[in-house]
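Below you'll find the structure, written out as structure tokens, and then a few comments.
Derivation of every value follows stated rules applied to the coordinates shown; laboratory data play no part. Predicted model, so just to flag it, every value in this text is computed and none were measured. With ideal geometry, Cβ positions are generated from the backbone for all residues, glycine too; neighbour counts draw on all protein chains shown.
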There are 2 protein chains.
Amino acid sequence: MLTLTPVEAVACCSPLSREPLSQEAAERIAPMLKALADPVRLRLLSLVASHEGGEACVCDLGDAFDLSQPTISHHLKVLHEAGLLEREKRGVWVYYRSSPTAMSSLATLISDTAS
Amino acid sequence: MLTLTPVEAVACCSPLSREPLSQEAAERIAPMLKALADPVRLRLLSLVASHEGGEACVCDLGDAFDLSQPTISHHLKVLHEAGLLEREKRGVWVYYRSSPTAMSSLATLISDTAS
DNA sequence: CATCGATATTGACAGACGTCGATGTATGCC
DNA sequence: GGCATACATCGACGTCTGTCAATATCGATG
């Protein structure tokens with residue numbers, strides 16, 4: 001069975017302001033926005049994106065929060081499963097990188113609604 | 001006391017990819033994204049934005065959903081309080097209009113993370 | 001003023017979500 | 001092999017969220 005990644009699901013939508021979003025499309029897009037719609041995850045994403053090389057090790061991220069390690073790990077998983085962060089294991093460390101295509105297609109979808 | 005609207009709170013942020021988002025900024029932005037992060041609300045917003053004149057009466061919106069009237073009213077309230085929809089009462093009817101500034105500042109915030 | 005129609009508010013409930021401590025898994029090192 | 005370190009998973013807990021039925025509010029109309 002063919003499954004679209006969340007990113008692909010967003011990229012193929014016509015602007016919100018041209019024709020009403022179908023229920024199916026809305027149900028594919030909402031999870032990506034839901035992944036973004038948390039203060040901790042927003043900061044995590046921002047930390048990764050602003051880190052040198054555009055990637056960051058989990059060990060670099062936890063210090064910025066007053067949260068347990070499992071909680072940070074949970075949030076990173078949510079962002080990863082939504083297609084907003086890419087994951088790469090290097091030795092003992094895990095590096096996350098933000099996905100420009102995911103972010104820009106989300107941004108396009110939203111900005112089209114503005115006009 | 002001076003309170004920023006959600007829209008103003010987003011508009012004044014530097015790109016996510018230049019410097020990490022502060023906790024305060026993240027906590028102001030997240031509610032707007034949370035308002036957007038629901039399939040029903042995404043469709044409502046899209047219905048309003050794509051409606052002729054860029055505005056729609058509540059009576060035009062309910063039919064597209066298999067949901068009760070109070071539920072639709074609730075979602076519209078969430079979108080309105082997040083600054084994503086403007087509300088105007090005309091006689092017995094209430095018209096909602098999408099807020100271009102809100103959407104475009106959100107889009108800018110997200111798209112900056114992509115680069 | 002009584003009534004009707006359009007929308008909002010309230011209260012209740014089930015399910016989803018964020019968080020933690022405890023535990024599991026895997027890699028590197030002695 | 002044995003141990004330490006980095007990260008993930010699990011199970012439990014309180015809180016938040018989407019939904020509905022019932023009720024309230026507000027404007028128009030007779």
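Listed by chain and number, the lysines whose C-alpha is less than 24 Å from the C-alpha of A:Lys77, apart from same-chain residues fewer than 8 away, are A:Lys34, A:Lys89, B:Lys34. Of the three principal axes defined by the Cα atoms of segment B:24-114, the extents in descending order read 41, 25, 20 Å. When peptides B:72-79, B:38-45, A:31-38 are sorted by average Cβ neighbour count within 10 Å, with the highest value leading, the order is B:38-45, A:31-38, B:72-79. Got the relative contact order for segment B:24-114 handy, in percent, Cα pairs under 8 Å and 6 or more residues apart? Relative contact order comes out at 29 percent. Taking a Cβ cut-off of under 10 Å around B:Leu76, the surrounding Lys, Arg, Asp and Glu residues balance to a net charge of +2, with basic ones at +1 and acidic ones at -1. Under the simplified labelling scheme, the A:Val92-B:His74 pair shows an inter-label distance of 4.8 nm, with each label point 7 Å from Cα along Cα→Cβ.
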